[in-house]
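Data first, discussion second: the structure below is written as structure tokens.
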Amino acid sequence: MSTTPTARVYRPTPRNLALLARILAEGGLVAAPTETVYGLAADALNAKACRAIFRAKGRPANDPLIVHVASIEQADEIAVLNDAARKVAKLFWPGPLTLVLPKRDGVPDIVTSGLASVAVRLPSHQLFRELIRRSGCPLAAPSANPFGYVSPTTAAHVRDGLGKRIGHILDGGSAKIGVESTILDLRDPKHPVLLRPGAVSREALARVLGRTVTVHRRATPASTAAIAPGLLERHYSPRTPLTLVRKLTPALIQKTGDKHALLFMQKPAQISDRTFWLAEAPNAFDQAAHNLFDRLRSLDNGDWDHIHAELAPGSDALALAVNDRLRRAAAKR
Ligand code: TXA
Ligand code: MG
């Protein structure tokens, strides 16, 4: 897909950071890297700026945004942190963990989709934190991709998807983790609920909290809409049809056509021009997560009729996160 980009891509020089921070402080949009994926940021306390995020992404208004902060004190201004939240924040912030908590007045309804709660995260990416600090704004930022498409992990991904809809992209190289943050609902500290799997594991959270962390099951569309409107079944989806299997066995491969791409979890022994993989080594789920969205995008831009992809084995946090994204990418339209 070739687009004529109107967005400018900036190198992370002190001068450019100052310029981009000023654009944010004045109500503009800036796409910038975080350790998970690239985000499309705006001043979280500026309703008009946040509405522009929804417009640029084509995102429905019932899908709330995550507010990024640079310190616990700034998180306190956005959300009401209970003791459980302070405990996990102390251990996992800065990092790929988002907490859903009661919101403070002053957070615009557009950010939370009118919910009484808000999602907050203190990212570890230096450039993103620098933008928060220099702009003086908490930054609302969803992943910087058109709604429903594969998330972006490089500045080029952002430009491919939003290049004609936004003006400014900060290039900080490829996002280290590659899948979005773990989302933990701590509105009721006695009943922590995992809303989205990510690099921070459910077990680690349970250990710190001294309680079981329930996994949110998408029981009915209505109940999901009430808790996390954005956790739609179909998401992260390439245009090319995608089928998932436990293992790409020789028997299975034989049944696939010439224009079917085979996406292995790890590099297989037999390689053809239809063979692709997410990691070099077995059980290298950090590599798999890091490569996932880039591989899906490049396969989607290739001339394939179909993608057959393997699920990750085991229960490593990033294996579960990769499988969650793959399942939603493969969900029926
Ligand atoms: O890693 C990440 O979290 C990335 C980077 C940019 O920080 N951001 C990200 O944002 O993944 P996004 O918009 O793609 O996903 C945010 C999701 C929403 O779709 C929704 O499911 C959940 O966070 N969310 C936000 N506010 C919520 C709330 N008040 N209650 C429940 N879920 C909420
Ligand atoms: Mg997203």
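Rule-based calculations on the coordinates, nothing more; no lab input. Model, not experiment: these values are computed from the prediction. Backbone-built Cβ (ideal geometry, glycine too); neighbour counts: all protein chains shown.
Listing for the model above:
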item: Pairs from Lys57/Lys332; Lys176/Lys259; Lys57/Lys103; Lys48/Lys103; Lys48/Lys190; Lys57/Lys247 whose Cα-Cα separation, in the structure shown, is over 27 Å; result: Lys176/Lys259; Lys48/Lys190; Lys57/Lys247
item: Sequence ranges 127-138, 245-256, ranked by mean other-Cβ count within 10 angstrom, highest first; result: 127-138, 245-256
item: Per-selection metrics, segment 1-115 (Cα): Rg and Dmax in Å; result: 15.5, 50
item: Long-range HN-HN contacts of Arg196 with modeled amide H, under 5 Å; result: Ile183
item: Relative contact order, percent, the chain [alpha-carbon distance under 8 Å, six or more residues apart]; result: 20
item: Karplus-derived HN-Hα couplings along segment 34-40 (A = 6.51, B = -1.76, C = 1.60, θ = phi - 60°), whole Hz, x at Gly and Pro; result: 10, 5, 9, 9, 6, x, 9
item: Per-bin percent of Cα-Cα distances, segment 1-51 [5 Å]; result: 4, 18, 23, 26, 19, 8, 2, 0
item: Note, ³J(HN,Hα) from phi for segment 242-249, Karplus 6.51, -1.76, 1.60, rounded to Hz, x at Gly and Pro; result: 10, 10, 10, 9, 5, 8, 7, 7
item: Rounded if a/c under 1.5, otherwise prolate or oblate - the chain, Cα gyration tensor axes; result: oblate
item: Mean projection area, nm², convex hull over Cα of segment 165-218; result: 6.0
item: Relative intensity, log₁₀ I(q)/I(0), of segment 242-330 from a Debye sum that treats every alpha carbon as a point, q = 0.23 Å⁻¹; result: -1.22
item: Amide H contacts under 5 Å for Arg274, placed H, 5+ residues apart; result: none
item: DSSP bridge pairs, segment 31-150: antiparallel proportion in percent, nearest 5; result: 80
